[in-house]
Structure formats: C-alpha cells, structure tokens
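Below you'll find the structure, written out as structure tokens, and then a few comments.
The values are calculated or read from the model by the stated rules, or taken from the named source; none is laboratory data. Since we're looking at a predicted model, the values are computed, not measured. Glycine gets a Cβ as well: all are built from the backbone with ideal geometry, and neighbour counts include every protein chain shown.
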Amino acid sequence: MKILQVNAVYKTGSTGRNIYEMHEVFKRKGIKSYIAATHIDTTSINDCYQIGNKIDWINHAIMSRIFGIQGYFSKKATKKFLRYIKEINPDIIHLNNVHANYLNFPAIFKFFSENDIAVVITLHDCWFYTGKCTHYTLAKCSKWQTGCYDCPRKKIDNKSWFFDRTNKMWNDKKEWYESISNLAVVGVSDWITEEAKKSILKSAKTIRKIYNWVDLDVFKPKIEKIKKFEDKFVIIGVASIWNEKKGLDTFIKLSSYLKDDEIIVLVGELPQIDLPSNIVHIATINDIQELALFYSSADVFLQLSMEESFGKVVAESLSCGTPIITINSTANKELVSKQCGIVLEKMNIKDIYDAITTIRIKTKNFFSKNCRQFAEENFEMEKCINEYISLYKEMIHI
C-alpha cells in the first residue's frame, strides 16, 4: 500500500506534526509513505516532495487577494506535482491543509477524477466545505449548507481585497467532490464530522470521525517542573499565533482578577503589545519535550478559543495530567469530561476566574489521573493512526 499525504507544512504546527507522525508509523508498519508539502527539506527527508517555491506561494497569495479566488493559481507548480504523483503512483492521496496558496484545485481535482484516484480529506477546519471560511460559527453563518454568497468573512481567513467569489468556490468544490467516486472524509471531532454531513461533502462515499492524537510517550505528567514557576499557581494557554480569536483579549482582562501568587503563561507568537506583569510570554516552542514540561508545570490549561475543530493543545495538556477550562462551543466540550475540568456555557470573565478558583481549591491532583486516562482512551497515537490504515484498506479493498 502506498500513501501520499499532502499538507501545507511538515513537522511544524499541529497538522505538520500529524503528517510527520503518520509518515513514521506508516514506514514502521511497512507501508510505503510519501509526503508533499511546502517549506520541506527534500535533502534530509526521504520520500518527500516540495510543491512550488517561495515566489510561487507569494504570487498565489497576492492573486488570491486581488481576484477573490484561492486555489486557482500555481498552475506550473501543480503540473509538476501531478507528474510526481504519476511517478510514485499512490493507492491513496490524503489531503490535509491545502488552503495555503500552493495548489491549483481545478487541475488537481480533475486529475483525481480522470484517474479514479482514492482520496481522503481530513477536516482540520471547515474550509473544505465552505466557499472560503475556515470557521463560521461566530459569524452565525449557515450559507455553507446551501450555497455561499455575500460572505461575512470576506476579509478574514483567506482574505479577498475586492471581490466576493465564495459562490463560485462553493459550487466548484461541490462539483469536484461529486466527480470523485472513491472519496472519504474524516472529521477530527464529532462536531465537525456532523457538520460535514450537512455540507457539500455529504456526497462522499464515507464520512467518519477519527480524533487527532497525541504522542503519549512524550506528552505525559512530568515530576520535573519549571523552577521559576514553582511558587506560583500557573494558568497556561498555548496557540500558534495569539489574537482575539484565540482569546488573547480575555486573557489580558482575566489578569486583573489574579491573586499575587497566580500567573498566566502564554506560549506562542504574540503581536507587539504590552502585557500585564502577571502574564508571562514564552515564544513558540518547537521542542515537544519542552512543551510537555510547560503543560506539566501548569495547574490549569485555559482554552478560550470559541472555534475549534479539535484543539490539539487541549489533548496534549490532558495527556500531561493538567485539567482544562473551556467554553461550550464547537468541538471544545467533547474533549473535556466532567472529571477532566470545567466547561463553561458562555465567555464571562468572572465565571472563568471562578472556575480557576474551583480547580485551585480541588487541586490539580484531583483531576490529573482522569485527565491522563481520558487522553489514553481517546488520543493514543497508534490507535488513531490504525483507524486511518483501516480506512485506507476499506477504500482499496485490501
């Protein structure tokens, strides 16, 4: 069995780490595995292909913003990539994050259809079944179910400077999916899986949930703690890029409620702003062992993003035995049982601080064992990746 995974990045970010870990497990199991991505070092990684180059990616991004259609450029890069696909002749092509200005979708989906290729789509966000949006719940938009137009997020996500072309992109996607006879769709949570069943992806042969996973050998409770936090009650948040969408403004407001021995630690890229003295910023941590140490050193993980298709940082925190406080929105609540933390019904600063106080009174130890057990039952890497392997075998009748 030969599998080609396609993603915007490799080994970095949550989706990049996903495809890296799948690649390693596949090779260990004797499955021929290939990776195609942008920003990938083809000299040091076996069986990989870089799609396009920096100039092409920039040009694609600019053209997308000008004309309001993303994924209709990069023609030469995609033509070369299609030659590579013909050369390796995979049994399955697995699409992850493809909305990053590096593929020409009309060409690639035409190729899939004409060559009767088995295709798996993993929904890391909502882009595959909307005109352009990665999420839509805060905009209270349901147009993606019947046909996008007059997009409330025209200048968000994949920005368009001038035109709203969401209706064209929605209709094109619908046509592309219906042209693929062997299409499987995987949602990374129950929430997004059920949403997909109401969308243009409902024509897929298979739609099922497979949770994202965590390397439980890395993300586990650690006895060692970060020394400068030893005498503090630590409230941690982790994001690739911090902004209002990820709850940055709420964290800043929350800081005024904290006691002298309580601090907030924000890990990830921050805009140039002045932070209160009781918020500590830690730059993006690419060393997963170090990241696991930060999770383990915290007393509670605060997930304030309202739009999450999964929330890998939550799963990683649970694996390290750290309880969660989150908001009942999108996929957040299904990752946090009553024994693993607190799910709030609305975004309210006082309610959030009261929840923090509840966990502090009960202590982290009250939750830790259940947090780890929940992670082991739901996010164990080998188990989740084996579910993908089973899906592949069903699709090609092995």
Elements of type strands (runs of 3 or more DSSP E) contained in the range 273-379, each with 1 or more residues being at pLDDT below 95 and among the basic types (Lys, Arg) | none
Scan the helices (runs of 4 or more DSSP H) fully inside the range 140-255 and keep the ones with 2 or more residues being hydrophobic (A, V, I, L, M, F, W, C) and in contact with a strand residue (DSSP E or B) (Cβ under 8 Å, 6 or more places away or on another chain).
-> 190-196, 248-254
Write out, first by first residue and then by second, each pair whose Cβ atoms fall under 8 Å of each other, whose residues are 6+ apart or on separate chains, and whose first residue, in the range 79-93, is in the same structural domain as Ala36 (by TED's automatic domain parsing) while the second is in a helix (DSSP H, G or I) and among the β-branched types (Val, Ile, Thr).
-> Phe81/Ile108; Leu82/Ile108; Asp91/Ile396; Ile92/Ile396; Ile93/Ile85
Flag if Lys2 is free of Cβ contacts under 8 Å to residues at least 24 places away in the same chain, touching an Asp or Glu at 6+ places or on another chain (Cβ under 8 Å) and surrounded by fewer than 22 Cβ atoms within 10 Å (Cβ to Cβ) = no
Are any of the residues in the range 46-60 within 23 Å of Asn171 (Cα to Cα), assigned by TED's automatic domain parsing to the domain that holds Met169 and more than 19 Å from the chain's Cα centre (by Cα)?
-> yes
Within the range 354-391, which residues are surrounded by 20 or more Cβ atoms within 10 Å (Cβ to Cβ) and of a type in the set (Phe, Trp, Tyr)?
-> Phe367, Phe374, Phe379, Tyr388
Starting from residues that are out of contact with any helix residue (DSSP H, G or I) (no Cβ under 6 Å at 6 or more places or on another chain) and crowded, with 19+ Cβ neighbours inside 10 Å, keep the ones in the range 22-37 and report whichever is nearest to Ile288 (Cα to Cα).
-> His23
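Residue by residue, here is whether (1) of a type in the set (D, E, K, R); (2) surrounded by fewer than 17 Cβ atoms within 10 Å (Cβ to Cβ); (3) at positive phi; (4) in contact with a strand residue (DSSP E or B) (Cβ under 8 Å, 6 or more places away or on another chain) holds:
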| residue | (1), (2), (3), (4) |
| --- | --- |
| Ile55 | no, yes, no, no |
| Ile58 | no, yes, no, no |
| Ile66 | no, yes, no, no |
| Ile69 | no, no, no, no |
| Lys76 | yes, yes, no, no |
| Lys80 | yes, yes, no, no |
| Arg83 | yes, yes, no, no |
| Pro90 | no, no, no, yes |
| Tyr102 | no, no, no, no |
Can Ile210 be described as in contact (Cβ under 8 Å) with a residue 40 or more places away in the chain and over 21 Å from the mean Cα position of the chain (by Cα)?
-> no
For Tyr102, state whether it is among the aromatic types (Phe, Trp, Tyr) and in contact with a Gly (Cβ under 6 Å, 6 or more places away or on another chain).
-> yes
Whichever residue in the range 298-335 is surrounded by fewer than 24 Cβ atoms within 10 Å (Cβ to Cβ) and without any contact (Cβ under 8 Å) to a residue 24 or more places away in the chain and, among such residues, is farthest from Phe219 (Cα to Cα) = Asn328
Can you tell me which of Ser203, Ser240 is outside the structural domain of Gln289 (by TED's automatic domain parsing) and at pLDDT below 95?
-> Ser203
